[in-house]
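Here the structure comes first, spelled out in structure tokens, and everything after it is commentary.
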Amino acid sequence: MNERSKARVYAFIDSQNVNVSTQKFGWKMDWRKFRRFLEDKYNVNQAYMFIGYVPEYQDMYEFLHDAGYSIVLKPTYDLTKPRELVATPQPDEKTEEDEKKPVKGNVDAELVLWAMKEIKNYDKAIIISGDGDFYCLVEYLEQRGKLMKLMPPNVHYSSLYKPYKKYIDHLGHYKRELAYRDRRQKK
């Protein structure tokens, strides 16, 4: 058995950064394909996905869990009322205006915390985000020989990562194999 197959590799995914960045470049991630890709290309044993919790997306969270991700949800807050947590709406209380409210669920602290909580359980880590807020984590992992890859969704990522160029592998390079394609026929 080679060393790569014995390594315990964990991926830490900033889902908002991946979603926004790939869509900005005209494509959507196929999350099932991406999980297989992480396993096949990098031998990822555990893939943590960090997402802001919005009650009406429960089916999506279950889909992602079934696709092989460990989902870490963070409470969200209403951007029209800073620092106020979004309470779970009662079905009869929802209005059209509520459905359009922007919500924020910044997962950066959770991603860093989980990467540190799990550090004894993995040999190598892949950070999937281009957000410079993870610079201290990337630096720490690299200093300890635990950084395998830094995967920004596209070519636009934080300039803080310039010293880590040898670790960077853009998800955009894999667009053809990772893009979601709606297979339903349009009539």
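Structure notes:
- In the full protein context, the stretch 1-63 carries 55 Å² of accessible surface per residue, based on a 1.4 Å probe and ignoring ligands, DNA and RNA.
- Placed amide H near Leu147: partners under 5 Å, 5+ positions off or other chain: Ala125, Glu142
- Residue-wise HN-Hα coupling along the stretch 25-31, computed from phi with Karplus coefficients 6.51, -1.76, 1.60 (Hz; x: Gly, Pro): 9, x, 8, 10, 6, 8, 5
- Peptides 23-35, 45-57 ordered by average Cβ neighbours within 10 Å, highest first: 45-57, 23-35
- Protein accessible area in the stretch 10-74, 1.4 Å probe - carbon and sulfur %: 44
- The residues of the stretch 148-187 present an accessible area of 76 Å² per residue when probed at 1.4 Å with all protein chains retained.
- Whole-percent carbon and sulfur share, accessible surface of the stretch 108-183, 1.4 Å: 50
- The 3J(HN,Hα) values that the Karplus relation (6.51, -1.76, 1.60; θ = phi - 60°) gives for the stretch 151-163 are, in residue order, 10, x, x, 8, 6, 9, 9, 4, 5, 4, 8, 3, x Hz. Gly and Pro appear as x.
The values are calculated or read from the model by the stated rules, or taken from the named source; none is laboratory data. Predicted, not measured: the structure shown is a model, and the values here were computed from it. So basically every Cβ, Gly included, is an ideal-geometry build from the backbone, and we count neighbours across all protein chains shown. Surface areas here come from the heavy atoms of the whole protein model, side chains and all, with no ligands, DNA or RNA. Shrake-Rupley method; radii C 1.70, N 1.55, O 1.52, S 1.80 Å.
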